[in-house]
Structures are given as structure tokens and as C-alpha cells.
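Report on the structure given below.
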Amino acid sequence: MVSPGGSAGPLRLVCFELRAQELALPIADVRETLPIPPITRVFLTPACLAGVFSLRGDIVPVIDLAALLGLPATAAGADSKVVVVDCAAGVAGIVVDRLCDLRTVEPPLEPPPANLAGEVASLLAGVVATPTGSVRVLDARAVLTAPPLAALARTDVEGRTP
């Protein structure tokens with residue numbers, strides 16, 4: 001069983017939908033959620049990088065989580081949002097199909113299912129069962145430092161990823 005951050009108390013989650021699957025991020029890693037802003041594509045970047053946008057003067061990369069998970073690229077709809085993540089690995093926006101709700105769950109989380117591809121399982125902190133079905137809880141640091149996005153992660157003074 002997995003307990004993100006080693007916290008003994010309840011885990012608060014920002015839940016969202018991506019391709020009819022419910023996923024979540026710990027609220028501690030979410031700075032804010034926004035309607036889809038104008039996104040500028042960046043030449044010669046991985047397919048999972050949708051582009052960048054300006055957030056109050058800061059340039060923020062936008063991750064297409066569907067593409068990172070090996071699914072077709074996200075086509076933004078009326079309900080689509082950007083979840084801005086701020087963790088030790090950096091700041092980035094993640095495009096989601098729609099926001100669901102905030103949930104509080106009791107840790108520990110169950111580990112990712114064994115039948116998931118390794119590159120997908122490595123992005124999850126775990127899974128939690130809820131009355132509406134299972135929710136896959138993402139590890140924000142793992143998403144921002146996934147191999148195709150490693151260059152976006154903050155580095156410390158010696159050039160190592162924190």
C-alpha cells in the first residue's frame with residue numbers, strides 16, 4: 001500500500017476526468033484550476049507537451065496528460081480545464097477533460113494495478129476505491145519528471161533533479 005508524502009491524516013484530492021476515467025492529484029500539489037487559456041505550441045517538443053501559456057506573467061508549460069499516458073491527444077472541449085500543478089519538480093499545467101470534485105480519502109492508497117504498463121504505473125501514487133468507482137491518484141512529481149518531460153523539471157544548483 002502507498003501513502004503519498006508519508007502523511008498519516010486524510011488525503012485531499014482534486015478529482016478530474018480524462019477519457020471517461022477518474023484521476024486525481026493531491027490538493028497539496030495543485031495551485032489552481034483554470035479554463036483552457038490560449039496555448040502556444042512549441043516547435044520540436046514532445047507530443048505530450050501541448051505548449052505553453054502565460055500565467056500572470058510566468059510562462060507555464062502545458063502537459064497533455066492523455067498523450068503522456070499513450071492516448072490520443074486531447075481536443076479541448078467546453079468542460080476542459082487546466083490543472084496547474086506546483087511541486088518540487090516545477091510548475092506545469094495539465095489539460096483534463098473536466099473537473100469532478102474534491103474528495104477526502106483515508107490513506108494508504110492501494111498500489112497501481114499490476115496489469116498497467118510500467119511507464120503508466122510509474123506516474124501513479126496509487127489507487128483508491130470510492131462509492132463512484134476507483135480513482136487513480138497521480139504522483140505530480142512523477143508526471144512532471146516523466147522521461148519525455150524531464151527537461152522541464154526544476155534542477156538544483158548542481159544540475160540534479162530534486
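At a glance:
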{"quantity": "Residues satisfying the stated conditions in segment 95-136, i.e. of a type in the set (A, V, I, L, M), crowded, with 20+ Cβ neighbours inside 10 Å and either in contact with a His (Cβ under 7 Å, 6 or more places away or on another chain) or farther than 13 Å from residue 65 by Cα (or both)", "calculated": "109, 125, 128, 135"}
{"quantity": "Residue pairs meeting the criteria (Cβ under 7 Å; at least 6 apart or on separate chains; first closer than 16 Å to residue 143 by Cα, in segment 36-54; second outside any loop (DSSP other than H, G, I, E, B) and of a type in the set (Gly, Ala, Ser))", "calculated": "47/67; 48/67"}
{"quantity": "Residue match in segment 28-50 (condition: under 22 Å from residue 147 (Cβ atoms), of a type outside the set (Phe, Trp, Tyr) and part of a strand (DSSP E or B))", "calculated": "yes"}
{"quantity": "Residue count, segment 85-118 (criterion: in a loop (DSSP other than H, G, I, E, B) and of a type in the set (A, V, I, L, M))", "calculated": "5"}
{"quantity": "Which numbered condition residue 76 misses (of (1) outside any strand (DSSP E or B); (2) touching a residue at least 40 places away in the same chain (Cβ under 8 Å); (3) in contact with an Asp or Glu (Cβ under 7 Å, 6 or more places away or on another chain))", "calculated": "(3)"}
{"quantity": "Members of segment 56-69 that are touching a residue at least 24 places away in the same chain (Cβ under 8 Å) and within 19 Å of residue 140 (Cα to Cα)", "calculated": "60, 61, 62, 63, 64, 65, 66, 68, 69"}
{"quantity": "Condition met for residue 24 (modelled with pLDDT of 95 or more, within 12 Å of the chain's Cα centre (by Cα) and under 16 Å from residue 139 (Cα atoms))", "calculated": "yes"}
{"quantity": "Residue 40 vs. criteria more than 16 Å from the chain's Cα centre (by Cα) and exposed (fewer than 14 other Cβ atoms within 10 Å of the Cβ)", "calculated": "yes"}
{"quantity": "Test result for residue 65, closer than 19 Å to residue 145 by Cβ and surrounded by 14 or more Cβ atoms within 10 Å (Cβ to Cβ)", "calculated": "yes"}
{"quantity": "Residues located in segment 119-152, provided they are in a loop (DSSP other than H, G, I, E, B) and not acidic (Asp, Glu)", "calculated": "122, 123, 131, 132, 145, 146"}
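The values are calculated or read from the model by the stated rules, or taken from the named source; none is laboratory data. It should be emphasised that the depicted structure is a prediction, and the values quoted were computed from it without experimental measurement. Cβ atoms come from the backbone with ideal geometry, glycine included; neighbour counts cover every protein chain shown.
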